[in-house]
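Below is one structure, written out as structure tokens, with a few remarks after it.
The values are calculated or read from the model by the stated rules, or taken from the named source; none is laboratory data. Model, not experiment: these values are computed from the prediction. No Cβ is skipped: glycine too gets one built from the backbone with ideal geometry, and neighbour counts run over all protein chains shown. In case anyone asks, the SASA skips ligands and DNA or RNA and just uses the protein heavy atoms, side chains included. Shrake-Rupley method; radii C 1.70, N 1.55, O 1.52, S 1.80 Å.
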Amino acid sequence: MNVKRLALFATLGLPLLAVAADSYPRRKMELKLADYDIKFRDYNFPSGLRVIFQEDHSQPVVSVTGINDRGSTSDPTGKEGIAHLIEHLWFRSHQKDDKGGELPKVWNLLEQMGAAMNAFTADDQTVYQTMASKENLATLMRLERLRMLNAVQGVQEEVMIIERDVVRNELRMRYENSSGAAWGYVMVKLFP
């Protein structure tokens, strides 16, 4: 009985809703925005490193985004999740300064500068994003260099075990407790 009512409403009611929506006056959308053009410089190095600089002095902040063209599909067999784990361990690492002295944990350094940060690992890339006040540009660039050289410098085994469990839980939440597993199935069928 309920299915018949639903079918009747879908047949008769939805067209009425469409007619009612068309009867309301619509505002004309005339956005007047100033021309906006951010010039950039693009450097490609023989190692494959590509650096793009863009300048926009409208805000007193800098943003550094590092994109590695390796993600979870690049994980070796038997070490699934390693790219995601390294992403997590970067923030827990203790890097060395230019004189060999140990710096505070990367996470703490970023917090001290008041930086906003995020990172994620996708199928084909791992992305690190950091934004801080413009005075911190040199520090952010040094940290980016250290991340590329040795992202897990100074990470203790107990910290690695904690982050490994965090990564496992994130994967469980994404694939076992949601529709994430269905998406993987669809992708395999669409792109064998």
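The heavy atoms of SER47 offer some 100 square angstrom of accessible surface to a 1.4 angstrom probe. Can you tell me the relative contact order of the stretch 100-192? Whole percent, Cα pairs under 8 Å, sequence separation 6 or more. About 13 percent, as a whole number.
For the stretch 120-192, applying the loop criterion from DSSP together with a ceiling of 11 other beta carbons within 10 Å to the chymotrypsin sites (Phe, Trp or Tyr not before Pro) yields no site. Cross-link partners for LYS105 among the lysines, with Cα-Cα distance under 17 Å and sequence neighbours closer than 8 places in the same chain left out: LYS96.
Is the C-alpha gyration tensor of the stretch 118-166 telling us rounded, prolate or oblate? Criteria: a/c under 1.5 is rounded; beyond that, a/b larger than b/c is prolate, otherwise oblate. Because a/c hits 1.5 or more and a/b exceeds b/c, the stretch 118-166 counts as prolate. Based on the Stokes-Einstein relation at 25 °C and a viscosity of 0.890 mPa s, and on the Kirkwood radius from alpha carbon pairs, the stretch 21-97 is assigned a translational diffusion coefficient of 135 µm²/s. Across the stretch 128-138, coupling constants 3J(HN,Hα) worked out from phi with the 6.51/-1.76/1.60 Karplus curve, θ = phi - 60°, read 10, 10, 9, 9, 8, 5, 4, 5, 9, 4, 4 Hz, and Gly and Pro carry x. The alpha-carbon positions of the stretch 73-130 define a convex hull whose volume is 96 Å³ per residue. Of the trypsin sites (Lys or Arg not before Pro) in the stretch 25-65, the ones in a loop by DSSP (not H, G, I, E or B) with at most 14 other beta carbons within 10 Å are ARG26, ARG27, LYS28, LYS32, LYS39.
Plainly put, the stretch 39-192 has a radius of gyration that is 1.00 times its Kirkwood radius, both from alpha-carbon atoms, as the Rg/Rh ratio.
A simple charge model with +1 on the Cβ of Lys and Arg, -1 on the Cβ of Asp and Glu and nothing else charged puts the dipole of the stretch 60-179 at about 220 debye relative to its Cα centre. Measuring only protein heavy atoms, the 1.4 Å probe finds GLU102 accessible over about 120 Å².
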